[in-house]
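Reading through the structure tokens given below for one structure.
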Amino acid sequence: MPNIKPVSDLRNYNEVLRDVSEGSPVFLTKNGRGCCVLIDIAEYEKLKATLWLTNELAKGRKAGREQGYIPLEEVEARLGITG
């Protein structure tokens, strides 16, 4: 169940921060609408890494469509991998 609190609860931010843990964000609302999410720093770093990887994979797919793909044998040769 999501942990939802009004942003006014930040007056006692230590209590709000105590509820934040990896995999358990705290959603803050203002005037009954979502405005912010507090997440654990490890979860934030994972999200950043996931976004970066997703972006890099999208670039690779785009380059493959536009410039053509490299055969696996050529990739292995460039990396010095012997099969």
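Each label point is 7 Å from the Cα along the Cα-to-Cβ direction; what then is the distance between the points at Lys5 and Lys62, in nm?
Result for the modelled spin labels: 4.0 nm.
Could you pull the accessible area for Glu15 with a 1.4 Å probe, rounded to 10 Å²?
90 Å²
Would you tell me the accessible area of Lys62, worked out with a 1.4 angstrom probe on the heavy atoms of the protein chains, in Å² to the nearest 10?
Roll a 1.4 Å probe over it and Lys62 shows about 100 Å².
If I model a spin label at Val37 and Glu15 as a point 7 Å from the Cα along the Cα→Cβ vector, what separation in nanometres do I get?
For the pair Val37/Glu15, the computed spacing is 2.5 nm.
Can you tell me the Rg and Dmax of the chain, counting just the alpha carbons, in angstroms?
According to the Cα coordinates of the chain, Rg and Dmax are 21.6, 62 Å.
Any idea what the dipole of the chain comes to, in debye rounded to 20, about its Cα centre with Lys/Arg Cβ at +1 and Asp/Glu Cβ at -1?
In debye, rounded to 20, the chain gives about 460.
For segment 30-83, build the charge dipole from Cβ charges (+1 Lys, Arg; -1 Asp, Glu) around the Cα centre, then report which of Ala49, Cys36, Pro71 sits farthest towards its positive end.
After comparing all options, I get Cys36.
Tell me, how many Å apart are the Cα centres for segment 60-81 and for segment 26-47?
39 Å
The values are calculated or read from the model by the stated rules, or taken from the named source; none is laboratory data. Note that the coordinates shown come from a computational prediction; the quantities given were computed from them, not determined experimentally. We place every Cβ from the backbone using ideal geometry, glycine too, and count neighbours over all the protein chains shown. Protein only, heavy atoms only, side chains kept; ligands, DNA and RNA dropped before computing areas. Shrake-Rupley method; radii C 1.70, N 1.55, O 1.52, S 1.80 Å.
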